[in-house]
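Visitor: Just dropping this structure here.
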Amino acid sequence: MLRPTLLPSRLLRQQPTLTPLLRQFLSTAPSQPQKPSSSPPQSLPRQSQKTYFPFALGRSRTNNYSVYQDAKRGGNFKLTIIKKIEGNRIAFKQELVKALNLSPNDIRVNSLTGHVEVRGHHRSEIVAFLEERGL
């Protein structure tokens with residue numbers, strides 16, 4: 001006498017068909033084709049050319065700029081530290097001097113770590129400077 005064999009449940013399930021998906025797709029399609037407009041197509045606005053900078057700024061994992069504020073010497077000495085600068089850091093310092101109207105003595109490039117340190121808390125101005133230039 002033959003015993004019925006047990007089939008795994010995954011083999012007993014029916015394979016889904018694409019008919020309901022196609023029916024849903026066809027039902028959302030417009031019933032009448034759109035008529036072309038008589039007006040000529042408008043030209044797309046030209047994108048402004050990006051200015052080349054000899055430096056680039058990396059971003060953090062959360063896609064933010066690596067600009068941090070720090071306080072040293074008991075909170076009397078305030079710093080803004082910019083990290084992840086690639087390329088010419090001296091050119092970056094010169095651009096910051098122009099943009100923030102600071103003296104060159106207020107901005108220092110740490111040659112060991114590659115960070116740029118700015119005296120004072122200037123995080124919002126530096127982030128605006130970076131966004132303006134599209135870095």
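Visitor: Within region 74-106, can you find the residues that are basic (Lys, Arg), in contact (Cβ under 8 Å) with a residue 24 or more places away in the chain and under 25 Å from Tyr52 (Cβ atoms)?
Guide: Lys83, Lys84, Arg89
Visitor: Can I ask one more? Got a sec? Which of Ser103, Ser66 is under 30 Å from Ala128 (Cβ atoms), surrounded by 10 or more Cβ atoms within 10 Å (Cβ to Cβ), of a type in the set (S, T, N, Q) and modelled with pLDDT of 55 or more?
Guide: Ser66
Visitor: Filter region 107-131 down to residues that are charged (D, E, K, R) and surrounded by 15 or more Cβ atoms within 10 Å (Cβ to Cβ) and give me whichever is farthest from Phe53 (Cα to Cα). If you could, list the steps in order and put the result at the bottom.
Guide: Of region 107-131, the ones charged (D, E, K, R) are 108, 117, 119, 123, 125, 131.
From what's left, surrounded by 15 or more Cβ atoms within 10 Å (Cβ to Cβ): 117, 119, 123, 125.
Working: Glu117: 20, Arg119: 24, Arg123: 21, Glu125: 19 Å.
Among those that are charged (D, E, K, R) and surrounded by 15 or more Cβ atoms within 10 Å (Cβ to Cβ), it is Arg119.
Visitor: Of these, Glu117, Glu86, which one is among the charged types (D, E, K, R) and out of contact with any Phe, Trp or Tyr (no Cβ under 7 Å at 6 or more places or on another chain)?
Guide: Details: Glu86 fails: out of contact with any Phe, Trp or Tyr (no Cβ under 7 Å at 6 or more places or on another chain).
Within the list Glu117, Glu86, the selection yields Glu117.
Visitor: Restricting attention to region 74-90, does a residue exist that is among the hydrophobic types (A, V, I, L, M, F, W, C), in a strand (DSSP E or B) and under 14 Å from Ala56 (Cα atoms)?
Guide: Yes, region 74-90 contains at least one residue that is among the hydrophobic types (A, V, I, L, M, F, W, C), in a strand (DSSP E or B) and under 14 Å from Ala56 (Cα atoms).
The values are calculated or read from the model by the stated rules, or taken from the named source; none is laboratory data. Since the model is a prediction, treat every value here as computed from it, not as a measurement. No Cβ is skipped: glycine too gets one built from the backbone with ideal geometry, and neighbour counts run over all protein chains shown.
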